[in-house]
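These notes concern the structure reproduced below.
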Amino acid sequence: MAENGHVLEVRHLSKAFGKHVVLRDIDFQVDTGDVTCIIGASGSGKSTLLRCINMLETPTTGEILYHEKDITDHGVNVPAYRSRVGMVFQSFNLFNNMTVLENCMVGQTKVLKKGRDEAKKNAMRYLEKVGMAPYINAKPRQISGGQKQRVAIARALAMEPEVLLFDEPTSALDPQMVGEVLAVMRTLAREGITMIIVTHEMAFARDVSSHVVFMADGVIEEEGSPEEIFGSPKKAKTQEFLSRFIQG
Amino acid sequence: MPTDFLGRVMAVFERYGMSMLQGAGVSLQIALVGTLIGCIIGFAVGIVQTIPTQQKDNPVKKGGLWLVKLILNAYVEFFRGTPMMAQAMFIYYGLFPLMGFNPSMRQSAYFILSINTGAYMAETVRGGILSIDSGQTEGAKAIGMTHVQLMLYVILPQALRNIMPQIGNNLIINIKDSCVLSVIGVAELLYKTKAAAGALYMNFETYTITMIVYFVMTFTCSRILRWMENRMDGSDNYDLATTDTLAHTSGMYKYPDEKKEGK
Ligand SMILES: Nc1ncnc2c1ncn2[C@@H]1O[C@H](COP(=O)(O)OP(=O)(O)OP(=O)(O)O)[C@@H](O)[C@H]1O
Ligand SMILES: [Mg+2]
């Protein structure tokens with residue numbers, strides 16, 4: 001892999017659902033260890049962008065380069081790519097037919113073809129990291145939302161991906177559960193895991209991110225360091241969006 | 001002949017009970033085989049019908065899949081849309097001889113019931129697969145599973161659980177409807193009943209026995225299936241794994257309070 005290449009690079013990405021254009025000419029890069037937070041109003045296309053990066057949506061035009069290889073190309077092994085770029089969803093999406101432990105093992109045994117013992121050891125390591133080790137025998141329906149999301153993070157981590165995508169991981173949670181999930185994510189950020197996080201938690205975004213992207217109406221309106229975006233936003237739309245948050 | 005009703009029933013049972021129970025065995029066997037193979041057919045068809053196509057797939061693959069789905073659709077519609085009794089006559093007396101097949105009556109019965117159940121189950125399985133929340137699929141894709149893997153480990157187990165009541169329904173219908181196959185001479189319970197009732201001119205008594213035997217068979221099957229459903233659900237509780245049993249004890253978080261709750 002090239003020394004100066006980005007881990008992920010999005011080039012001129014556009015996405016339309018029928019005639020409805022949701023993303024227009026998106027460009028941005030992610031390097032190893034970056035924590036990129038994507039913020040913006042509801043409907044601005046944040047989720048769609050993240051889903052395009054993971055190929056859950058097929059971009060209409062543009063390129064997504066992973067180590068300089070365009071993964072939107074024909075014949076690219078998309079599942080293999082996804083095993084390197086994990087995703088955590090707003091609605092957790094834990095497998096309902098499996099226990100907490102099995103949720104964290106199945107990807108390792110079936111996709112990465114690891115042995116059960118190794119997969120279990122690995123799964124336990126990450127479940128401990130998110131504080132869910134005592135719940136290994138529980139089914140998803142038996143644990144709380146915050147706990148589910150921590151398991152979902154452990155499941156993604158157990159694949160030992162290079163990049164982790166988060167789509168509003170705390171939006172479906174009660175306020176008291178938001179903290180436990182954000183705490184886990186802060187630890188990951190400190191450990192230097194490369195992450196792209198779509199969030200409405202501005203204080204969190206300001207603390208953990210190395211780079212902030214502000215989206216409005218399907219375009220990247222402004223991007224920069226957290227100090228730049230939260231401290232002295234240049235664009236009017238950014239200022240307006242952030243002022244709403246500060247006023248609550 | 002005894003003069004009271006119960007006595008006459010017993011008398012019929014003494015003479016024809018064995019033969020009727022043999023017929024019941026045949027009914028049950030046909031129903032079980034038909035339901036099992038029907039489920040396999042149903043799963044195969046339902047799975048194929050839910051294979052997603054993407055725009056970027058090559059046209060040969062898309063065209064082939066379209067054709068296969070069309071044929072499977074025709075199969076489902078045809079066998080759901082015609083009476084099994086007519087199908088039995090058509091296949092056993094018409095199609096099989098025409099094609100040079102010479103299967104036994106029992107084999108024909110298995111075939112007809114399987115293919116019928118398959119047509120119904122195909123729709124049930126398709127519905128079962130579509131009813132699973134798309135989040136499950138996306139969660140599986142996000143850890144790199146292929147379509148085959150996510151179907152096998154995530155979607156189908158949940159779909160199977162959800163359609164268990166329908167499978168039970170089909171089994172019960174098959175136990176009863178296997179009697180239709182008496183038209184091609186399969187010696188199942190109703191066939192034996194007719195023989196007994198005709199020989200003794202005692203319809204009421206004979207059919208009393210038949211009704212009881214059918215009900216015992218269907219009720220037993222429905223209980224067994226309910227028990228299987230409960231087993232698939234697993235226990236309502238789970239044990240918290242205490243840190244002692246774990247290989248690593250240095251968790252980032254400790255939840256002593258939750259651990260004490262023990263449930
Ligand atoms: N599958 C789809 N089909 C059609 N339109 C869609 C689809 N998914 C999203 N959209 C549209 O795309 C736009 C952007 O949606 P998106 O979910 O990306 O916004 P978002 O920034 O994530 O919003 P939120 O903060 O509410 O999650 C919306 O107008 C939405 O209606
Ligand atoms: Mg969203």
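In summary, the range B:82-211 shows an alpha-carbon radius of gyration equal to 1.49 times the 2.2 N^0.38 Å reference for compact globular proteins.
If you run the Gaussian network model on chain B, springs between alpha carbon atoms under 10 Å, then out of B:E205, B:E14, B:E188 the most flexible one is B:E14.
Largest GNM mean-square fluctuation among B:T124, B:T220, B:T193, using chain B with Cα springs under 10 Å: B:T220.
For the range A:88-190, the Kirkwood estimate of the hydrodynamic radius, built from every pair of different alpha carbons, is 13.4 Å.
Residues of the range A:115-159 with an amide N closer than 11 Å to a point placed 7 Å from the Cα of A:D174 along the Cα-to-Cβ direction: A:144-146. Relative to the dominant Cα principal axis of chain B, helix B:203-233 is inclined by about 10°. Of the chymotrypsin sites (Phe, Trp or Tyr not before Pro) found in the range B:125-205, the ones in coil according to DSSP and having at most 16 other Cβ atoms within 10 Å of their Cβ are B:Y201.
Volume of the convex hull of chain B (Cα atoms only), normalised per residue: 215 Å³. With the convex hull of the Cα atoms taken as the outline of chain A, the averaged projected area works out to 14.1 nm². For chain B, the relative contact order works out to 30 percent when only alpha carbon pairs closer than 8 Å and six or more residues apart are counted. Dividing the helix sum by the residues of chain B, where each DSSP H run of 4 or more adds -39500 (n - 2.57), gives a mean residue ellipticity at 222 nm of -23500 deg cm²/dmol.
Once the Cα atoms are used to define both axes, helix B:59-80 deviates from the longest principal axis of chain B by about 40 degrees. P(r) for the range A:131-239, from all Cα pairs and a bin width of 10 Å, is 13, 41, 31, 12, 3, 0 %, short bins first.
Dimensions of the range B:138-214 along the principal axes, based on C-alpha atoms and rounded to the nearest Å, stand at 69, 24, 10, largest first. Across peptide B:127-137, the average count of Cβ atoms from other chains found within 10 Å of a residue's Cβ is 2. Note on the range A:83-135: Kirkwood radius taken over Cα pairs, Stokes-Einstein applied at 25 °C and 0.890 mPa s, translational D equal to 210 µm² s⁻¹. Set the Cα radius of gyration of the range A:12-65 against 2.2 N^0.38 Å, with N its number of residues, and you get 1.12.
Chains A and B: how much accessible area gets covered up at their contact, both sides added, probe 1.4 Å, in Å² to the nearest hundred? When A and B are taken together, about 3400 Å² of accessible area is lost. Bridgeable lysines around A:K113 (alpha carbons under 19 Å apart, same-chain partners fewer than 8 residues away excluded): A:K121, B:K141. Pairs from the list A:K114/A:K148; A:K15/A:K148; A:K114/A:K139 with a Cα-Cα gap above 28 Å: A:K15/A:K148. Per residue of A:126-132, other chain Cβ atoms within 10 Å of the residue Cβ number 4 on average.
The alpha carbon radius of gyration of the range A:160-222, expressed as a multiple of 2.2 N^0.38 Å, is 1.15.
For the residues B:P59, B:P103, B:P165, a GNM of chain B with alpha-carbon springs under 10 Å puts the largest fluctuation on B:P59. The average projected area of the protein assembly as shown, computed from the convex hull of its Cα atoms over all directions, is 33.3 nm². Seen against the Cα atoms of chain B and their longest principal axis, helix B:189-200 is set at about 20 degrees.
Look at the stretch A:157-163: the mean tally of other chain Cβ atoms within 10 Å of its residues' Cβ atoms is 1. Remark: C-alpha extents of the range B:26-148 on the principal axes read 51, 33, 22 Å, sorted largest to smallest. Between A:D70 and A:E228, the FRET efficiency from the beta-carbon distance, with R0 = 41 Å, is close to 0.85.
The values are calculated or read from the model by the stated rules, or taken from the named source; none is laboratory data. On a predicted model such as this, the values are computed, not experimentally measured, just so you know. FYI the Cβ positions are ideal-geometry reconstructions off the backbone, even for glycines, and counts take in every protein chain you see. SASA here: full protein model, heavy atoms, side chains in, ligands and nucleic acids out. Shrake-Rupley method; radii C 1.70, N 1.55, O 1.52, S 1.80 Å.
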